[in-house]
6 protein chains.
Amino acid sequence: MPQVTVTRRMHFNAAHRVHNPALSDDENRTLFGKCNNPNWHGHNYVLDVSVRGEVSERTGYVMDLAHLKRIVEGAVIDRVDHKNFNLDVDFMQGTIPTSENIVVAFWRLIAPLVAPATLTRLVLWETANNYVEYDGR
Amino acid sequence: MPQVTVTRRMHFNAAHRVHNPALSDDENRTLFGKCNNPNWHGHNYVLDVSVRGEVSERTGYVMDLAHLKRIVEGAVIDRVDHKNFNLDVDFMQGTIPTSENIVVAFWRLIAPLVAPATLTRLVLWETANNYVEYDGR
Amino acid sequence: MPQVTVTRRMHFNAAHRVHNPALSDDENRTLFGKCNNPNWHGHNYVLDVSVRGEVSERTGYVMDLAHLKRIVEGAVIDRVDHKNFNLDVDFMQGTIPTSENIVVAFWRLIAPLVAPATLTRLVLWETANNYVEYDGR
Amino acid sequence: MPQVTVTRRMHFNAAHRVHNPALSDDENRTLFGKCNNPNWHGHNYVLDVSVRGEVSERTGYVMDLAHLKRIVEGAVIDRVDHKNFNLDVDFMQGTIPTSENIVVAFWRLIAPLVAPATLTRLVLWETANNYVEYDGR
Amino acid sequence: MPQVTVTRRMHFNAAHRVHNPALSDDENRTLFGKCNNPNWHGHNYVLDVSVRGEVSERTGYVMDLAHLKRIVEGAVIDRVDHKNFNLDVDFMQGTIPTSENIVVAFWRLIAPLVAPATLTRLVLWETANNYVEYDGR
Amino acid sequence: MPQVTVTRRMHFNAAHRVHNPALSDDENRTLFGKCNNPNWHGHNYVLDVSVRGEVSERTGYVMDLAHLKRIVEGAVIDRVDHKNFNLDVDFMQGTIPTSENIVVAFWRLIAPLVAPATLTRLVLWETANNYVEYDGR
């Protein structure tokens, strides 16, 4: 049976501050520049969630994308949309909320929920010119 | 010699109905929701066709993309553009016309035609937020 | 008080056939080409709804865009999304479902509902390369 | 001499909270929903700045767009990029930082600086589906 | 009868050099910077052609967009696509090939050809962040 | 430690002519068509530079994207932006300036500079419908 990868694109927006509390304010400013602004800034994030699996003969789907959408909303979108990554998001506590760390945290929350399909890729766009991707390894 | 992947993006639009004739009308409505509308609906599809191969010293091309475009038009675009996947497309008969099944059917039609390059990926966008990809496995 | 125009972009998809029943099949084919396919084709439509008005001191809004979204969903989107413009949409009966006629029909349904703001422009994209706009005149 | 309108698209990102301090917390939550989150959220904003004027015979330009870019950076972008509209932006104090109020404030700062061309339109995209425009009236 | 505006988006690419032969090389470099590179540079241009008119009862169209496409191809696209605006394009001789001058020249070539509709707007994108528009005045 | 891939999208524009000087003019015209125009044509190129590595505990970054941007500007963008690939770009001499050859040349210039991260993919868009990608093999 062919294995196909299906992707659902999701959208959310959030505030954050790139800041390492283990460093001094000066070190933070030097490392992170304007991304370290104490009063936060924010982004319209775009998240592509890709799962891979066999195409069902009954449905012609790898996975109903409306179902995948609800899974991702429950696991991550509803917990981060219109929120502050540093202050409001429990699963990001103790982590610098860069796109790299966000995408790894999202993976851990989404991967267990998509069986029998397999989560194969997350792509997170922070701006139109910057994105990160993670494949679980 | 370096191996490069080149992609040509193609566009078509079509009507379809996600429907499994082996199931009852009630089961179809439950499984497929508004995508099961008996009078069809449709999409502007975007298809990315990627082939990989050596870069020719004579042309600097893996493959002339104008030639790839004509191959894809002849193999699939002209047979589905402004058509109904359920009623008008012979190679989709007996198959539920989901994006998953469409992309696998496209693969079988395009893959034999691109030698000496190799078809390595098809990506089919059904909407701006949903896409599927297939690598022949 | 400044007058600002605010726009909400909406998405839907639908099937249609460009066909004038007052003409012969031959005339229809000549006039409309592949858009006249008897078994329909379809599009992902994009609709930009623009309203203009004073900015409220209480809310900073011309109009809450979540409210505008619900108005447009009730007036048009829910009646055309995943539908067939020729067969399923009551307000298009007796009209050729071109983008021009669709956008004028949408105007008549939306314009009465946005007071005290004023509907000033509808833009309807049929494909990435074709769009129509209407200002009520 | 022909009058042409030239537009420069600019990008910035910022945090904000839609909140009217003259109202109670309950009223704010009811009016603004998740946009009222006390810990802020944010956006990647896109700003289109359009100026109109005669085409210079010497340069073929209405206005050098590199010059227009510097004007807009100095007047608004450098003051809002990676900032918090409620806390960091002096010219937004006393105003609810909705897109409507932001675009009117931007107009007042940019319009005096583009002579002999004339500022004719500002479009501010807050998300891919929401934008506001202002023409100074 | 309602008046609707319909737009066809067209694509072409070309080389050019922003250079005023009446000025010295130093003045050209100062005025135009890297856009004055003697060996040319180039762009993927996007052209939106908008015509306005009554909606025909016979066709539901203001104007068949396939017909408008052929008109614009014949009048301008075929004469500039994969060409050098300074060297290859007769109607740009004696004019600095800025977007402003290109869009005015395009207008003069297209406007006489779209009757009984009326050309109401040309928008020419030079890059994703720069565009010009002209309405014939 | 998780390995994440981060991508920075860059933009430049340039002129080129697809031409093999070892062939006759007739052969060049037959092989390359309008892309062989003797007076050049050009494109707005988009380049996606992807590097992979461990996420730093100190910064939350695989690599500071502002730093990656400066590396890519110095290595390639400043040498090709607003230039002619055939005449102005030393590292393309002796090579037909197709996207395939450009992306391989870019790889050789960028790959040595991103340690301790690893360059894993370059994607070069020549138009909105054509792109090439290279992974160093």
Condition met for F:Asn36 (on the phi < 0 side of the Ramachandran plot, in contact with a helix residue (DSSP H, G or I) (Cβ under 6 Å, 6 or more places away or on another chain), within 14 Å of chain E (Cβ to nearest Cβ) and polar (S, T, N, Q)): yes
D:Val51 in contact with a helix residue (DSSP H, G or I) (Cβ under 8 Å, 6 or more places away or on another chain) and open to solvent by less than 20 Å² (accessible area, probe 1.4 Å): yes
Leading residue by the ranking (farthest from F:Asn44 (Cα to Cα)) among those in region F:122-137 that are more than 7 Å from every other protein chain (Cβ to nearest Cβ) and open to solvent by less than 30 Å² (accessible area, probe 1.4 Å): F:Leu122
Only listed residue being open to solvent by 50 Å² or more (accessible area, probe 1.4 Å), free of Cβ contacts under 8 Å to residues at least 12 places away in the same chain and not hydroxyl-bearing (Ser, Thr, Tyr), chosen from C:Gln3, C:Gln93: C:Gln93
Residues within region A:73-104 that are farther than 17 Å from A:Trp125 by Cα, within 14 Å of chain F (Cβ to nearest Cβ) and not in a loop (DSSP other than H, G, I, E, B), tallied: 1
Test: residue in region F:64-71 that is more than 14 Å from the chain's Cα centre (by Cα), free of Cβ contacts under 8 Å to residues at least 24 places away in the same chain and under 30 Å from E:Asp78 (Cβ atoms): no
Checking F:His82 against (1) at positive phi; (2) in contact (Cβ under 8 Å) with a residue 40 or more places away in the chain; (3) open to solvent by 50 Å² or more (accessible area, probe 1.4 Å), the condition it does not meet: (3)
Residues satisfying the stated conditions in region D:6-45, i.e. touching a residue at least 24 places away in the same chain (Cβ under 8 Å) and among the aromatic types (Phe, Trp, Tyr): D:Phe12, D:Trp40, D:Tyr45
Candidates E:His41, E:His67, E:His16, E:His11, filtered to the one that is within 14 Å of chain F (Cβ to nearest Cβ) and open to solvent by 40 Å² or more (accessible area, probe 1.4 Å): E:His11
Meets criteria (open to solvent by 40 Å² or more (accessible area, probe 1.4 Å) and within 16 Å of the chain's Cα centre (by Cα)) for E:Lys34: no
Among (1) more than 11 Å from the chain's Cα centre (by Cα); (2) facing another protein chain (nearest Cβ under 10 Å); (3) not small (Gly, Ala, Ser) - the single one F:Leu119 does not satisfy: (2)
Checking F:Asp81 against (1) out of contact with any strand residue (DSSP E or B) (no Cβ under 9 Å at 6 or more places or on another chain); (2) closer than 25 Å to E:Lys34 by Cα; (3) charged (D, E, K, R), the condition it does not meet: (1)
Every residue from region F:1-25 that is part of a loop (DSSP other than H, G, I, E, B) and among the small types (Gly, Ala, Ser): F:Ala22, F:Ser24
Any chance E:Ile110 is part of a helix (DSSP H, G or I), under 21 Å from E:Tyr134 (Cβ atoms), under 15 Å from the mean Cα position of the chain (by Cα) and in contact (Cβ under 8 Å) with a residue 40 or more places away in the chain: yes
Within region C:19-31, considering residues that are of a type in the set (A, V, I, L, M, F, W, C) and over 24 Å from B:His43 (Cα atoms), the one surrounded by the fewest Cβ atoms within 10 Å (Cβ to Cβ): C:Ala22
Failed condition for D:Ser50, given (1) farther than 18 Å from D:Leu124 by Cβ; (2) among the hydroxyl-bearing types (Ser, Thr, Tyr); (3) within 9 Å of another protein chain (Cβ to nearest Cβ): (1)
Any chance E:Gly53 is of a type in the set (Gly, Ala, Ser) and part of a strand (DSSP E or B): yes
Unmet criterion (only one of (1) at negative phi; (2) at the interface with another protein chain (Cβ under 7 Å from one of its Cβ atoms); (3) of a type outside the set (Phe, Trp, Tyr)) for D:Leu113: (2)
Residue among A:Leu109, A:Leu119 that alone is open to solvent by 30 Å² or more (accessible area, probe 1.4 Å), aliphatic (A, V, I, L, M), at pLDDT 95 or above and over 30 Å from F:Phe12 (Cβ atoms): A:Leu109
Criterion violated by E:Asn28 - all others in (1) closer than 19 Å to F:Val80 by Cα; (2) in a helix (DSSP H, G or I); (3) in contact with a helix residue (DSSP H, G or I) (Cβ under 6 Å, 6 or more places away or on another chain) satisfied: (1)
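The values are calculated or read from the model by the stated rules, or taken from the named source; none is laboratory data. It should be emphasised that the depicted structure is a prediction, and the values quoted were computed from it without experimental measurement. Glycine also receives a Cβ, built like all others from the backbone with ideal geometry; neighbour counts cover every protein chain displayed. With ligands, DNA and RNA removed, areas are computed over all heavy atoms of the protein, side chains included. Shrake-Rupley method; radii C 1.70, N 1.55, O 1.52, S 1.80 Å.
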